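Input: one structure, supplied below.
Quick note: the coordinates plus some simple rules give every number you see, no bench work behind them. All of these numbers come straight from a predicted model, not from anything done at the bench. Neighbour counts are summed over all protein chains in view; Cβ atoms, including those assigned to glycine, are modelled from backbone coordinates with ideal geometry.
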Ligand code: ADP
């Protein structure tokens, strides 16, 4: 590979080395606090202005974390110092770049970053592949003692341990998602058949059942419905995560859709749905999926704000989009929980008496995002919550 160092920077085992790196699924991923914290610690420990953690694949050095170096996410392997540091399992220490043949004319030395000191420790996998580096950079030359070398090496080990932990965590999440996808898929058919049988018995019941058995039948039917709702949510969330999810648009009236799908929530007489605003507005969207969002938001208001007699629905015309809000006067949601509320499997811990998997709002958010709209919530503890979403009107 052509490079600014003028040496061969591709080790013999490069293909295996890159495969070992790919295994960790860390290339080109977002910044993560645990790695940034190691860099911040390195800067603090060594009194150094810059530290970063890089992973190196066949062509590119990806900067996973940094302290004192913002705005650079990757550099070409042909220019990044990491390419040289991964050649040896020992530390690469350049106490003064201007006195080192490999680096004295390097563009980051004479030009851009004005690097005068570099210390890089290889990040080595348990099976011996060097997948990246943690390094220190200074704009002045400096000495690096043996004890500093030992500390930097330990930090590289820490990065490797963090990379392993991260991978184990990812694997567990993948296993969980696979299990949910398979289990929910397998459960749907027998569950539908169970519901159909219960419905058949219910509809063809010629009063041969006594009152207790009648009650049991109703109980079984209601619980099969609940179970079916949970299984369908799991199935749908899996399809969304795998991006197997499409939108079939048609034109419909949003207020009319709300009226037609939310009647079930007012049947008990405990809640009243009051719709304000633009009752005639038409949208071009997936009717079934938007219905699912509305049912979910109103259903949550009923479920999590049971004392809220009035649930308000507002439909606002905002020029290029329409905004629908569902407001309850329930217990509200604490501010520290709000940023997580649309995350998959997130449930607030003060509502664990209610059934739910923490998937409803996640599914709503994905449906709205897929339509090019936005979703959000504002809430005050003790006063209530407003969940809202927008849909573009030009599509
Ligand atoms: P689930 O499917 O388990 O009901 P959701 O994704 O719909 O989960 O909601 C996530 C969490 O948000 C719930 O556990 C609940 O604590 C909280 N939540 C949702 N809607 C409301 C609301 N209107 N008022 C208070 N808390 C709410």
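Output the 0 to 90 degree angle, nearest 10, between the alpha-carbon long axis of helix 14-23 and the longest principal axis computed from the alpha carbons of the chain.
30
P(r) for the chain: what percent of alpha-carbon pairs falls in each 10 Å bin, starting at zero?
Per 10 Å bin, starting at zero, the Cα-Cα P(r) for the chain comes out as 4, 17, 20, 16, 15, 14, 8, 3, 1, 0 percent.
Here's a follow-up. Starting with the fewest neighbours, write out 139, 268, 390, 258 ranked by other beta-carbon atoms found within 10 Å of each beta-carbon.
Ranked by crowding around the Cβ, least crowded first: 268, 139, 390, 258.
Grab the DSSP H runs of the chain that are 4 residues or longer, score each as -39,500 (n - 2.57), total them, divide by all residues and round the 222 nm result to the nearest 500 deg cm²/dmol.
Result for the chain: -13500 deg cm²/dmol, rounded to the nearest 500.
How much length, in nm to one decimal, is gained on full extension between residue 374 and residue 101, taken as 0.36 nm per residue of separation minus their Cα-Cα distance?
92.8 nm
How far is helix 211-241 tilted off the main Cα axis of the chain, in degrees rounded to 10, range 0 to 90?
30
Tell me, 125, 133 in order of fewest to most beta-carbon neighbours within 10 Å?
125, 133
Cβ neighbours within 10 Å, averaged per peptide: list 282-289, 108-115, 30-37 in order, most packed at the top. Before the final figure, lay out the partial values.
Working: 282-289: 19.0, 108-115: 15.1, 30-37: 13.1.
The most tightly packed comes first, giving 282-289, 108-115, 30-37.
Report P(r) for segment 14-170: all Cα-Cα distances, bin width 10 Å, range 0 to the bin holding the largest distance, values in whole percent.
11, 45, 35, 8, 0
If you take the beta carbon distance between residue 110 and residue 170 as r and set R0 to 41 Å, what does 1/(1 + (r/R0)^6) give as a FRET efficiency, to the nearest 0.05?
Values: r = 41 Å, r/R0 = 0.99.
With R0 = 41 Å, the Cβ-Cβ based efficiency is 0.50.
What's the center-to-center distance, using Cα atoms, between segment 254-306 and segment 157-203 in Å?
29
Please tell me the relative contact order of the chain in percent, rounded to the nearest whole number, where contacts are Cα pairs under 8 Å and at least six residues apart.
For the chain, the relative contact order is 10 percent.
Please say if segment 73-157 is rounded, prolate or oblate, where rounded means a/c under 1.5 for a ≥ b ≥ c the square roots of the C-alpha gyration tensor eigenvalues, and otherwise the choice is prolate for a/b larger than b/c and oblate otherwise? Display every interim value, and only then the final one.
Working: a/c = 2.14, a/b = 1.32, b/c = 1.62.
Oblate, since a/c reaches 1.5 and b/c is not below a/b.
Which FRET efficiency value, to the nearest 0.05, is calculated for residue 268 and residue 22 with the Förster distance at 45 angstrom and r the Cβ-Cβ distance?
Computed FRET efficiency for residue 268 and residue 22: 0.25.
Sticking with this structure for a sec: Can you report the principal axis dimensions of segment 171-241 using only the alpha carbons, biggest first, rounded to whole angstrom?
53, 17, 14
Tell me, what does the Kirkwood hydrodynamic radius of segment 77-222 come to in angstroms if you use every pair of distinct C-alpha atoms?
When all Cα pairs of segment 77-222 are included, the Kirkwood radius is 20.8 Å.
Moving to a separate point now. What translational diffusion coefficient, to the nearest whole µm²/s, does segment 250-392 have by Stokes-Einstein, given a Kirkwood radius computed over alpha-carbon pairs, a temperature of 10 °C and 1.306 mPa s viscosity?
104
Note down the relative contact order for segment 14-170 as a percent, whole number, built from C-alpha pairs under 8 angstrom at least six residues apart. Working shown, then result.
Values: 288 pairs, mean separation 36.6, N = 157.
Reported as a whole number, the value is 23 percent.
Only counting other Cβ atoms within 10 Å, I'd like 143, 279, 337 sorted with the fewest neighbours first.
143, 279, 337
With a/c under 1.5 counting as rounded, go ahead and sort segment 176-326 into rounded, prolate or oblate using the C-alpha gyration tensor (a ≥ b ≥ c being the square roots of the eigenvalues; past the cut-off, prolate if a/b is larger than b/c, else oblate).
Oblate.
Take segment 50-93, compute every pairwise Cα distance, and split them into 5 Å bins from 0; I just need the percent in each bin.
Pairs per bin, as whole percents: 5, 24, 31, 25, 13, 2.
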